[in-house]
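The values are calculated or read from the model by the stated rules, or taken from the named source; none is laboratory data. Note that this is a predicted model, so its numbers are computed, not measured. Here the Cβ is made from the backbone with ideal geometry for all residues, glycine too, and neighbour counts use every protein chain on show. Ligands, DNA and RNA are stripped out before the accessible areas are found, and what is left, the full protein with its side chains, is counted by its heavy atoms. Shrake-Rupley method; radii C 1.70, N 1.55, O 1.52, S 1.80 Å.
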Amino acid sequence: MNKEEKDLEEELKLEEDLAEGEMEEEDETEEIEQTEEVDNKSDEFNKLNDSFLRLQADFTNYKRRVEKDKESIYQFANEKLVLELLDVIDNFERAFASASEDEEKEGFYEGVVMVYKQLLEILQKNGLEEIDSKDEKFDPNLHHAVMQEESDDVDEEIIIDVFQKGYKLKNKVIRPSMVKVAK
């Protein structure tokens, strides 16, 4: 081998090394680009997954809220009707209070009492309950004080008299008791 052949051989070797180096750089660049692309896709996936989980939680909360509202609607759907029937019950009680002893012995009176009791039973089965007031401590959540009276016989803030009965429908006060309270 002469010098020219050696130079030529070295030159070829250098070109091969350069080509190999360029290929390695391209491979590294390609790997970096692929890694960045995977990272970008991973970030995008995480964002979409987070969004999905939030949406799922919102939907679950929405379903729970709608069920609660629906239950409340069913539970208190008859409230207006019951409130109107309370006036009828009040009128029954006023009629009983004004009846004489002779009228109480008549069959008609007894029939009306039976109708009154039947009406009360139906309402009680559907969640109506009377608020106990007489001789109880005044509670503004259950009672509406329309009068106050000085009294030595009863402690302060004790209900002396009930002017109109109060009622709850399934533990919700639909009409507070109208009462006289001791000072």
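Within 10 Å, at most 15 other Cβ atoms, and a DSSP state outside H, G, I, E, B define an exposed site. Report the longest part of the chain free of exposed GluC sites (Glu not before Pro). Don't jump to the answer; show the numbers that get you there.
Values: sites that count: Glu106, Glu150, Glu156, Glu157.
In the chain, the maximal stretch lacking such sites is 1-105.
At a Förster distance of 45 Å, what's the computed FRET efficiency of Met114 paired with Ala145, Cβ-Cβ distance as r, to 0.05?
On the way: r = 35 Å, r/R0 = 0.77.
The computed FRET efficiency comes out at 0.80.
Give me the Kirkwood hydrodynamic radius of the range 1-88, using the inverse of the mean 1/r over all pairs of distinct Cα atoms, in Å to one decimal. Display every interim value, and only then the final one.
Values: mean 1/r = 0.0483 Å⁻¹.
Computed over the range 1-88, the radius equals 20.7 Å.
How high is the relative contact order of the chain, given as a whole-number percent (alpha carbon pairs under 8 Å, six or more residues apart)?
Details: 147 pairs, mean separation 29.4, N = 183.
Here the relative contact order equals 16 percent.
Taking θ = phi - 60°, what integer Hz values does the Karplus form 6.51 cos²θ - 1.76 cosθ + 1.60 yield along the range 91-105, in sequence order, with x for Gly and Pro?
5, 4, 5, 5, 5, 5, 5, 8, 6, 7, 5, 5, 5, 5, 8
Among the lysines, which fall within straight-line cross-link reach of Lys183, defined as a Cα-Cα distance under 18 Å, with same-chain neighbours fewer than 8 residues apart omitted?
Here the lysines satisfying the reach criterion relative to Lys183 are Lys134, Lys137.
Using only the alpha carbons of the chain, what is the convex hull's orientation-averaged projected area in square nanometres?
22.9 nm²
Distance from the Cα centre of the range 58-107 to that of the range 112-153, in angstrom?
That distance is 13 Å.
222 nm [θ] for the chain, helices only, -39500 (n - 2.57) per DSSP H run of 4+, per residue, to 500? Could the numbers behind the result be given before it?
On the way: 4 runs with 117 residues, N = 183.
Computed ellipticity for the chain at 222 nm equals -23000 deg cm²/dmol.
Which whole-number value in Å² is the accessible area per residue of the range 71-130, probe 1.4 Å?
74 Å²
Taking the DSSP beta bridges in the chain as the whole, what percent of them are antiparallel, to the nearest 5? Mind showing how you got there, number by number?
On the way: 12 of 18 bridges.
If we restrict to bridges inside the chain, about 65 percent are antiparallel.
What are the residues whose amide H is under 5 Å from the amide H of His144, where those residues sit 5 or more places off or on another chain and H is modelled from the backbone?
Correct list: Ser177, Met178, Val179.
Long-range amide H contacts for Lys170: which residues qualify at under 5 Å (H placed 1.01 Å from N, peptide plane, sequence gap of 5 or more or a different chain)?
Leu128, Glu129
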